[in-house]
Structures are given as C-alpha cells and as structure tokens.
1. List, please: which pairs have Cβ atoms under 7 Å, are six or more places apart or on different chains, and start with a residue in the range 121-149 that is farther than 26 Å from Ala170 by Cβ and among the aliphatic types (A, V, I, L, M) and end with one that is open to solvent by less than 10 Å² (accessible area, probe 1.4 Å) and in a loop (DSSP other than H, G, I, E, B)?
2. Scan the range 205-232 and report the pairs whose first residue is among the polar types (S, T, N, Q) and whose second residue is surrounded by fewer than 16 Cβ atoms within 10 Å (Cβ to Cβ) and outside any helix (DSSP H, G or I), with Cβ atoms within less than 6 Å and a gap of 6+ or a chain change.
3. I'm checking my understanding of the structure. Among residues of the range 269-312 that are of a type in the set (A, V, I, L, M, F, W, C) and touching an Asp or Glu at 6+ places or on another chain (Cβ under 9 Å), which one is nearest to Arg337 (Cα to Cα)?
4. Looking at the range 20-27, is at least one residue open to solvent by less than 10 Å² (accessible area, probe 1.4 Å), at pLDDT below 95 and within 30 Å of the chain's Cα centre (by Cα)?
5. Please return the ranges of helices (runs of 4 or more DSSP H) entirely within the range 163-263 where 3 or more residues are within 20 Å of Ala347 (Cβ to Cβ), of a type in the set (D, E, K, R) and within 18 Å of the chain's Cα centre (by Cα).
6. Can you find, within the range 257-303, the residue that is modelled with the lowest pLDDT among those that are touching a helix residue (DSSP H, G or I) at 6+ places or on another chain (Cβ under 8 Å) and open to solvent by 80 Å² or more (accessible area, probe 1.4 Å)?
7. I'm checking my understanding of the structure. Among residues of the range 411-431 that are of a type in the set (A, V, I, L, M, F, W, C) and surrounded by 11 or more Cβ atoms within 10 Å (Cβ to Cβ), which one is nearest to the chain's Cα centre (by Cα)?
8. Any residue at all in the range 218-228 that's of a type in the set (Gly, Ala, Ser) and buried (at least 23 other Cβ atoms within 10 Å of the Cβ)?
Amino acid sequence: MSTRPLWDKGQAALDAAAQEFCAGDDVVLDRQLILHDIRASIAHVHGLQRIDVLAAAEAEALVEGLGALAEAVRAGSFVLDERFEDCHSAIEWYLSERLGDVGRKVHTGRSRNDQILVAMRLWLKDALANLRSRCLDCADACLQRAETTQDVALPGYTHLQRAVPSSLAALLAGHAEAFLDDAETARATASTLDSSPLGTAAGYGVNLPLDRDGVALELGFSRVQVSPIYAQNSRGKLELLAVQALHQALLDVRRLAWDLSLYSTAEFAFVRLPDAYTTGSSIMPNKRNPDVVELLRAVPSVTEGAMSELSSLLSLPSGYHRDLQATKAPVLRAFTRGLAGLALVPALVHTLELDAPRMAAAIDPELYATDRAVELARAGVPFRDAYRQAAAEMHDLKDRSPAASLAARVSLGGPGNLGLDRLRARLDALR
C-alpha cells in the first residue's frame, strides 16, 4: 500500500512512471537521513510550542511519537520503502497514523525544502566530524611508526630517481602532517556549514514568529542561516565544500597508497604488506595482490565524480528547483566510500613489515653528493663551485654511511631533526 504525497490536495492524478522517476532512489538514500530528520522535527515541535502554535500536550505527544519512530528505525521494525516518497513523508504519515490530527500539525511552519536542508546539514556535520577523527587516526598511526623508525634509512626520491639519503620516519612524518592538515580542513569546513536552515521553509520565510535561534541551539548549530533565499541557494554549494574536504584527505590516502604500492614490489621490496590487506590470484598460485592498497588509490575517483555531479547542478537561478534533489546521492556515496577507505589506513601503517637492510643498501655513494656540496659551502666555497666539486667526487664517497648522513641533516623537518614532537603536539591539540 502506497501513501498519498504530502502535496496531494485530494485530486492528484498520479502517473506511476512519472512519480517513480521523480522519487528516484530518495527513499533508499533517506534511510541514512531519517534519524536526523526526526531529531530536527523534535526541535521544530519544541519551537512551535514556544510560540503557542502547539499546546503543551500536543507537543508532548508529537515528541513521544517521534521518539518511538526513531526507536523503530534503529530496531529495524520501521523501514523506509516504496510506500513513501521520502523520509519527510514517512515521518508525517507515522505521526498521523499514531496521533490523528495532532500528527498532521507537525509540518506547520516548515517545508520539505528546509526539512531536507537541516537533515542533510546535520548529517554532514557528523560526516565531517568522522572525517576529522579518521584523519587524526591516520596521522597518529604515521607518527607512531615514525617515532620508532627514525634510524631506518631509506633513499629519498625525486622524479622517482634516488636523490639523497633519507629515512622511513621522514616519509611517514610527511604523511602525518598531511593528514593533520586534512583534519584542519574538515574542522574549518564544518564551521562554515554550522548554521541552521530550519525555519526558512520553502525559501521565503513564513508568517509565524518561529523561534529559529532556539531551534538552532537545540540542534547544536552555532548560528542560524539567516536568509531563506540563501538557504536554498546554498544547497549543493555546501555539500560540494564538504566533499572537497573529503577529497583532500583521500588524495593523501592515494599518495600513501602509491608509496606502498611501489615499495612493496619485488623491484623495491622495502616493505611487505600484511596478508590481511592482500588477495590471491585466481590463476597464478604464486601471486599475492595488493588489492586493498590499489583500491585505496581509486577512492578519490568517487569524490571526483561527486564533485563533478554537484558542480554541474550549481547552475540554477535563485530559489528551490527539483534538480537539487540530485545533490543527495553523490554526497552520501562519496562519504560512505571515502570514510571506509580512511578507516583502513591506520592498521595498514601499523602492520607493515620492513626490510631495513634492503632500504639502507639502496643508498649508493653518489647519494651523498648533496651532503658533500653543503659541507664545502659551509667551509666557505661558493655553492656553485661546491656543487661542481661534489659532482666530480660523488663516486668516491664510499666511506660515508646512511646513519651519519641522517644525523647531520639537522634543519627542522630533516631526518636528523624531524620535529615529531611538534607534530605530536599539533595532533594532541586537534583531538
């Protein structure tokens, strides 16, 4: 049995194919949003009571009904399905079935336009908090491993060519700092969208003195989104901003995954991926394939697709347009896949097996040429002359060691002065 649309005035002639096309996969997607919509509905009811649109008994009944629906959703005894257009219609149907006319009062002073805005905004705040937390977990894993591998020499590469002696800790510190920046980006993005659109209705306000500030406070927003028109115009724009923050983190996941892909090949053999992160070949018995790492490299393609979808929709005049319904799917898809990928990174970093002797053996004498040039310059030789002299001597630098080279590189961030304490302090401040 399907329910009547919220907009039905009693005479709607519904074309099934058209309605199915308009609804799309909204009901399935809204399974991720319905609890946020219920939470916002409870706050809206409290606001209506404060301005005497609802009597205390009516508000109490509605809040109790909304709480019961939330419990049913969590328990799986209420499922959004093809009976409903979306989570908004499901909530109103449930309350109307349970409470009759009182249930039908829940929509007073709001539109599905600001309902989806606030539900999505609440979902995005949670998603960005999860993004920030997972970026910090990734940074922490890289830092912990860096703190125990400061003496593990590793060639530093430019252009994928061996360049100078470096260390595994220096590489991991670089990844750690990247994830710290990503956590900062997630926090800044969350601050930008930390505004309540509830009470803007269809984009032009309503003729009720809605307590928008009180509702925003109850929902945990730091402010209200004042302009109803901008509330509508910001749909898609703020979602795009959130996906861009996710994309920044996933680009760093991709870079880390690429490093591990290279270093785990037989040609490098610097690290060995844990068995739990590899799979076998269906035809070659000798193979262990780095599927997890390769799929981590692919995850940013999901956010790139989502950003393209969202950008293409931001070409509308002011006000609500049904096109904006299409902003929902790419955002939910991108965060679901992206957060799942980020969650795999810490354990991967912690369980990598290292071949320290092979790493050190890859540091040939000519890699000390830069050290030699700087030493000459420090002794007073003009650097360009020192550069040429070091180039002429580089094959004769066989008496040098990776350990001495790393210890001498004392500029902040270099292998002899990694600044891990600074990164650790920043991480602790971001927790």
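The values are calculated or read from the model by the stated rules, or taken from the named source; none is laboratory data. Since we're looking at a predicted model, the values are computed, not measured. Positions of Cβ are backbone-derived with ideal geometry, glycine not excepted, and every protein chain shown enters the neighbour counts. When the accessible area is computed, the model is the full protein with side chains, heavy atoms only, and any ligands, DNA or RNA have been set aside. Shrake-Rupley method; radii C 1.70, N 1.55, O 1.52, S 1.80 Å.
1. Listed by first residue and then by second, the contacts come to Leu122/Leu219; Leu124/Leu193.
2. Short answer, once both residue conditions are applied: Gln232/Gly319.
3. Per the stated criteria, the residue is Ala306.
4. Looking for residues that are open to solvent by less than 10 Å² (accessible area, probe 1.4 Å), at pLDDT below 95 and within 30 Å of the chain's Cα centre (by Cα), one finds none in the range 20-27, hence no.
5. 237-263
6. Checked the range 257-303; the qualifying residue modelled with the lowest pLDDT is Arg288.
7. Keep residues of the range 411-431 that are of a type in the set (A, V, I, L, M, F, W, C), which gives 412, 418, 420, 423, 425, 427, 429-430.
Those left that are additionally surrounded by 11 or more Cβ atoms within 10 Å (Cβ to Cβ): 418, 420, 423, 425, 427, 430.
Working: Leu418: 28, Leu420: 25, Leu423: 21, Ala425: 23, Leu427: 18, Leu430: 16 Å.
The qualifying residue nearest to the chain's Cα centre (by Cα) is Leu430.
8. Initially, the range 218-228 is screened for residues of a type in the set (Gly, Ala, Ser), giving 220, 222, 227.
Now drop any that are not buried (at least 23 other Cβ atoms within 10 Å of the Cβ), which leaves none.
Within the range 218-228, not a single residue is of a type in the set (Gly, Ala, Ser) and buried (at least 23 other Cβ atoms within 10 Å of the Cβ).
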